[in-house]
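Structure, as structure tokens:
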């Protein structure tokens, strides 16, 4: 089973829900982020990212400013622009992007090296601090941008720049005597070089990924070697000098990947690394690395994943904790980590079609990834808590990383452009075209043309997902075409039904996908019915933070209580086991979104401030009925600051 | 109403429970800590505290080692020795103490200055960094030791040393033109000088306390002035340079005390400061400061106090958070803070007899203070959580400060000697002799002689508190004496009964004390019956961390579930509302201690590791009956590492 390489970004999204998001990205997010990269957003942390390239290109004087990985914000923006141009041509935007690309080309050194931090600030220190300084990370993002721009527009300018960069890196790194035997502190180059391999078929790029992956975590440890060599200087001091070098699990570099058994360390690094490894394992038919992927995916998905598709349960190190340690209020769950999780899941489905990967992909997309951006497209969450008590955020330092509302931009602005690029490249996630079947993972409305063995399969998906469970898939190919369509049956759905031209199809379900093999005719219509009752979700008994609590889910969407609808002190609300749910369409901000209500109970807080902290024995507690209103969690915090919680007391 | 100054440390404790603790302090803790101070405990962080004095005294060469406040460990040890000698003479121990005192005297400078850190390490930097460097804190502890040693033994040697030190401080600090207009970063000198005033009646000492209290938090801010003056050097860097100077609420120095409305900042600093202020307010009849005490006590006790008598709900800054933010697992609740809370409560009862203060004092003593020390007297908690999940402690940094078992000693060893000194000076807490009545706060077995208006009241308290609620108070004065005894009726007791010579006494209850005025005859016997049913305790509805949960209390003791009795995954245990409790005496480690059992329910965790993280809808949950065993919380973690929790799910 191998994946057909297809330009899936070129399909047309016309989904009533995610289509709006793509339009928001085009109309608001991309222009807004362009302003941000050029420091034109008042009240936001300055970026200086474009300025850095101008200085590096010698077009103006000045000092580098920003994070050591500031370049990557420009690269991610360019990638979002590339995908966006596939959706809707925009001459002005393409011209701006071409100018940025020329600027990047001008900032590239003679030997192919490209990084404004080192070029401007520390030209003699190139490649001396892989553990801390994100050079390969920035290179990776630039390579991704180059690949995307080529795939989207056919223009080779940036692709050539990044090939020169990749060739430079390939000369510097490797097992040769005069090469650096290193690998990045922050993985990203691996997944990027695999994408570059996809478009160039240059075997050196894949071999280099293999080198980076296999060198990782070996002894003597490269981070220590380079640390000694450069005189023990350290760039990051957040948790004390050289912590990033010493804390090797943080970078998944404490031992070779083949010996690692749990998802560990910085969550974004982990999923970026594994995205590259899964891609490599498939193309290299590397059974060892395939097993690494299966093993580490399993640990992550079965023991360290939030119901929201968030990963990374602690702020310190933006990192995983241990199995089943998933606090709801002190969680980190970085937006970028869930984007990386989608990327990892995509590569896993490509490696082997199993709906468990797409289930997680969908969970991450419709909950944490969408939730990372405000409905206005101009405010972003870096951290995505499942429970917030704003009063305590200001005083208790365990919440220092948590914001009760989305922010305009960040000093470390990795998340906003990452959301933009993933939302504009949904085609790669909707479809996984294996040789033997076209796997349909997500039911996002779109028109697609997908080359299959003996022709081109034209099809369109229509529906009103995730609000309604009716999905129509219509074949538009003008000539008959024999192929298998494999429809994902979501994990949240118990009684999916599929008809073909009105006749129920046989339930040939393998690894969560319903397979239909046929010579498809124009007009063939599959009707997929995914009933979406409101479902109560309960925690595994090893999840101590949700014992006695219930979460509400409908379709792929996790719901939550918010103060704006339910008042303060959400911990005093109880949802009886027997309460029924009403589903209805919201208004205003919630127009076209389905909200949920149920009859609940509220423990009275009247005079609570006058009372003692505790009271003895079972004084009859004063409780009143109260209607509980649940909103889709991704849409919380769009009405100002207030309490929020997903896991609700049940009785 | 004013307090009679009485040598309450000289009474004899013969309590079957706390008497054992005093014996443990004498036989184990004091010798153990002496070894620690002399670096003779293998596997423990070195102290070097005695060595520092030897170097400062010029008796040997070498460098200062340890915390900037290392001297205070010696002072607290000496105070514990002083009180211990009152309980049981020990010639050898007294000789050792005398030698230490001579060593301290030898380390004192000509001008009265006494601090080994500055004398050895930075003699030119005396009094240049009040905000950070604990000079007045160390001085305060030395003064307390001097007072205690004088009160306990009548020996004046250390008292004279500390009077010279106090006089030196009095010359340095004040509103005079050539004086420093400063005050300590860490309060302690205030409460110590008040004690020194008690024994010397030197008005300068009380005036100096008044100066320190009133200068605190005024503008321009002294911490900033001295920071500028010394060229912006900073001693502590835990949370970034000069954080201790900048974060003024940390030291309760953000504004004058008269304007402060909430307990804030470092919890130990807060209660140490307020202990001195309450003492000062009473003796100075200062209504403003009395109001400060009442207001800040109320905030602390009604909104920021744990059921265990712990204070300080966050690790960062070892500090208070905000009203009603009392997490059970990430709590700090330093042992020293609860000791300081007892001291504050004592001064409040002295200021105005109201049992609410003694209720908190008792709660702190029988729960957090006792819990701070292992039953072997050789291991200590610095942090006292109400819930521990050891597996997660190792991985999630929000638990970095929490230890699952008590440690042998600490680099910052403030808590162990503090526990020793409070357990040896219980007399001060048991009785509060006001002019108009003798207030009995705690029912600890003892024999006491207390001077009252027209003679000496001899009395003894017998019982088996806190295990049994029968307390006998017998008058031993050989000649009749007219006075009022005021017996505290504990907040946890609903139907206390008191008989005098077998006849029930009238219920003249004022502010929680039952008053009995009489001409007491030898042999008069009060029998106080405090029924101790097992009680369920519920949280104020504003306490979000305990919603739906119940705590178990019997008498003053808070109970908990421990893994050793109840297995892993304590969050899966439920206590039904209707379950009855069985109280029984434990065995082994729990001999003479009452344990509690109840029929509960356990959510099955069978195969949980094979299951997904969540499951949909109400699959019939597999639950089995399980007997829940509760142990007194102070005695947890004496059987190795395991889970523990106080607040249990109720259904």
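Read-outs throughout are calculated quantities, based only on the coordinates presented, and are distinct from any laboratory measurement. Quick caveat: nothing in here was measured; it's all calculated off a predicted structure. All Cβ positions, even for glycine, are placed from backbone atoms using ideal geometry, and neighbour counts span all protein chains on display.
Taking the centroid of alpha carbons for each part, the stretch B:147-212 and the stretch A:230-308 are 58 Å apart. For the stretch B:536-558, backbone nitrogen atoms closer than 17 Å to the point 7 Å from residue B:599 Cα along Cα-to-C-beta are found at no residue. Remark: label point of residue B:509 defined 7 Å out from Cα along the Cα-Cβ vector; separations to the same position in other copies 6.5 nm, ascending. Based on C-alpha pairs under 8 angstrom that are at least 6 apart in sequence, the stretch B:422-580 has a relative contact order of 18 percent. Helix content alone sets the calculated 222 nm mean residue ellipticity of chain B: runs of n ≥ 4 DSSP H residues at -39500 (n - 2.57) each, divided across all residues, give -10000 deg cm²/dmol. Assuming a ≥ b ≥ c are the square roots of the Cα gyration tensor eigenvalues, decide whether the stretch A:109-223 counts as rounded (a/c under 1.5), prolate (otherwise, with a/b larger than b/c) or oblate. Since a/c reaches 1.5 but b/c is at least a/b, the shape of the stretch A:109-223 is classed as oblate. Label-point spacing for residue B:39 across the identical copies (point 7 Å from Cα in the Cβ direction), in nm and ascending order: 5.4.
Taking 10 °C and 1.306 mPa s as conditions, the stretch B:535-650 diffuses translationally at an estimated 104 µm²/s according to Stokes-Einstein applied to its Kirkwood radius (Cα pairs).
Take residue A:110, push a point 7 Å out from Cα through the beta-carbon direction, and compare it with the same point in every other copy: 7.1 nm, smallest first. Computed over the Cα atoms of the stretch A:492-564, pair by distinct pair, the Kirkwood hydrodynamic radius stands at 15.5 angstrom. For the stretch B:228-386, what class follows from the C-alpha gyration tensor (a ≥ b ≥ c being the square roots of its eigenvalues): rounded when a/c is under 1.5, otherwise prolate if a/b is larger than b/c, else oblate? Oblate, because a/c is 1.5 or more while a/b does not exceed b/c. Using r as the Cβ-Cβ distance of residue A:109 and residue A:291, and R0 as 56 Å, what FRET efficiency do you calculate, to the nearest 0.05? Result of the calculation: an efficiency of 0.90. Among B:282, B:171, A:216, A:54, the ranking by other beta carbons within 10 Å of each residue's beta carbon, starting with the fewest, stands as B:171, A:54, B:282, A:216. Computed from the C-beta positions of residue B:219 and residue B:261, the FRET efficiency with R₀ = 30 Å rounds to 0.95. Convex hull volume of the C-alpha atoms in the stretch A:107-157, normalised per residue: 75 Å³. Of interest is the spacing of the C-alpha centroids, which for the stretch B:1-51 and the stretch A:8-32 amounts to 71 Å. Here the convex hull built on the C-alpha positions of the protein assembly as shown has a volume of 181 cubic angstrom per residue. Each of A:378, A:587 was scored by other Cβ atoms within 10 Å of its Cβ. Arranged with the fewest first, they read A:587, A:378. Over the stretch A:432-529, the hull volume per residue, using the convex hull of the C-alpha atoms, is 90 Å³. Rounded to whole Å, give me the distance from the Cα center of the stretch B:339-385 to that of the stretch A:528-592. Result: 43 Å between the Cα centres.
Pairs of C-alpha atoms in the stretch B:300-375 farther apart than 15 Å represent 51 percent of all such pairs. Assuming a ≥ b ≥ c are the square roots of the Cα gyration tensor eigenvalues, decide whether chain B counts as rounded (a/c under 1.5), prolate (otherwise, with a/b larger than b/c) or oblate. Because a/c hits 1.5 or more and a/b fails to exceed b/c, chain B counts as oblate. Placing dummy labels 7 Å off each Cα toward the beta-carbon, the span from residue A:28 to residue A:167 is 4.4 nm.
Taking the fewest neighbouring Cβ atoms within 10 Å as the starting point, the ordered list for A:537, A:503 is A:503, A:537.
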